[in-house]
C-alpha cells in the first residue's frame, strides 16, 4: 500500500471520528420534551427521542464495519485489525513482523536478488525486538510461564494475571538474584489464588524446573514486596475440579458444598489442608448420593493419602453428626 494513500486514509478516519464526537456532544437532550433517552438508529441514520419520537438528527455516521460476517471464520478474514493486546508477550503483541513467505503484497514471488536483502531485514528485525536486558528477560520468562500454564491447563485470564505480576516484579527489580523459573512459578501460584482457580504448590512443582522450597521463598518475597494480600484457599474451590475428574454429578457437588459449609462453620477446616478436607467431603457426598467412589480414587485425584481422607471424613461425621454407612 502506498504511504501517501495510507496517510490520506488515516486523515479521513480522524475527520470522521471528530465529526462523530462533535455530533455526540451536540445532542444531550430532546429539544421538544427535554428527555435524555435518545435512540441512535444506524439503520436509518437518525437520532430520535424515545419519549416523544422527535427526530433530533439525521444522516449520522456509522463508525462500524461496512462488511457483514455470518460466522467467526468470516469475521477473522474480513477484519482489518490485529490481535488484541496481551501481557503474555514481552512486547504486549503490539510489534510487527516480516513474514517468512518470500512473496510481495500482491502474492508474487520475490526475486532471488531481493531475497538476501529481505532475509537480513527479517533477521535484524527479530533481534531488535529484544534489544535490551529487560526485553530478553521478559521474553524468556513469559515463554516459561506459557509452558507451565499449558501443563497445568490454566485459562487465559490466569496467564494474563501471572504475566502482570511478573511485570510488576521486573519493574521493581525483584528478579535480581532469583531464578526466572522460580519467580514465574510463584507468579502462577499467586494468580491462581487471586482468581480462585486453585492449584496446589505440589502440582506446580511437578511441572516446574525448580524445587518447592525455592518457589515458596519467591512466593513469599513477591507477595511481601508487591503488597499482595491473599486469603487462605477454601476447600470449596476444589470441588468442581475434583468432582469432574471423578465423573461425579452436579448433585454430588452440591452435597459436598453443603458438607464443607457446615465444616467451615464449626471450624473444622482450620489448620488442615484444604485438599484433604475437600476430598473427604466429596467422598461422603458420593456415598450419600449413591455414586460411591473408593478412597484410593479420591485420594489420587486430590493428591493426598488414603489415611488423610479417612481421618478427615471421620472428623466430619463426628462434628456434623452425619449418619452414613461407609
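The values are calculated or read from the model by the stated rules, or taken from the named source; none is laboratory data. Predicted model only: the values in this text are computed from it and were never measured. Cβ atoms come from the backbone with ideal geometry, glycine included; neighbour counts cover every protein chain shown.
Tabulated results
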| quantity | calculated |
| --- | --- |
| Failed condition for residue 164, given (1) part of a helix (DSSP H, G or I); (2) in contact with a helix residue (DSSP H, G or I) (Cβ under 7 Å, 6 or more places away or on another chain); (3) in contact (Cβ under 8 Å) with a residue 24 or more places away in the chain; (4) surrounded by fewer than 19 Cβ atoms within 10 Å (Cβ to Cβ) | (2) |
| Elements of type helices (runs of 4 or more DSSP H) in the stretch 222-326, at least 3 residues being farther than 21 Å from residue 192 by Cα and either assigned by TED's automatic domain parsing to the domain that holds residue 168 or without any contact (Cβ under 8 Å) to a residue 40 or more places away in the chain (or both) | 250-265, 274-288, 295-302, 306-320 |
| Output for the stretch 292-323, where each listed residue is closer than 25 Å to residue 265 by Cβ and loosely packed, with under 12 Cβ neighbours inside 10 Å | 318, 321, 323 |
| Filtered residues of the stretch 108-134 (kept if modelled with pLDDT under 80 and outside any helix (DSSP H, G or I)) | 129, 130, 131, 132 |
| Count of residues meeting criterion [part of a loop (DSSP other than H, G, I, E, B) and either buried (at least 17 other Cβ atoms within 10 Å of the Cβ) or at positive phi (or both)] in the stretch 184-199 | 4 |
| Hits in the stretch 64-100 (condition: at pLDDT 80 or above and either within 30 Å of residue 45 (Cβ to Cβ) or surrounded by fewer than 13 Cβ atoms within 10 Å (Cβ to Cβ) (or both)) | 70, 71 |
| Test result for residue 272, within 15 Å of residue 309 (Cβ to Cβ) and surrounded by fewer than 19 Cβ atoms within 10 Å (Cβ to Cβ) | yes |
| Qualifying residue in the stretch 16-23 (condition: at pLDDT 60 or above and either under 36 Å from the mean Cα position of the chain (by Cα) or more than 23 Å from residue 67 (Cβ to Cβ) (or both)) | no |
| Total residues in the stretch 145-155, condition within 13 Å of the chain's Cα centre (by Cα) and either in contact (Cβ under 8 Å) with a residue 24 or more places away in the chain or within 11 Å of residue 87 (Cα to Cα) (or both) | 5 |
| The stretch 231-248, residues that are loosely packed, with under 13 Cβ neighbours inside 10 Å and modelled with pLDDT under 90 | 231, 232 |
| Any hit, the stretch 200-213, residues being in a loop (DSSP other than H, G, I, E, B), within 20 Å of the chain's Cα centre (by Cα) and closer than 24 Å to residue 279 by Cα | yes |
| Qualifying residue in the stretch 169-183 (condition: surrounded by 20 or more Cβ atoms within 10 Å (Cβ to Cβ) and under 17 Å from the mean Cα position of the chain (by Cα)) | no |
| Test: residue in the stretch 187-201 that is assigned by TED's automatic domain parsing to the domain that holds residue 164 and either free of Cβ contacts under 8 Å to residues at least 12 places away in the same chain or out of contact with any helix residue (DSSP H, G or I) (no Cβ under 8 Å at 6 or more places or on another chain) (or both) | yes |
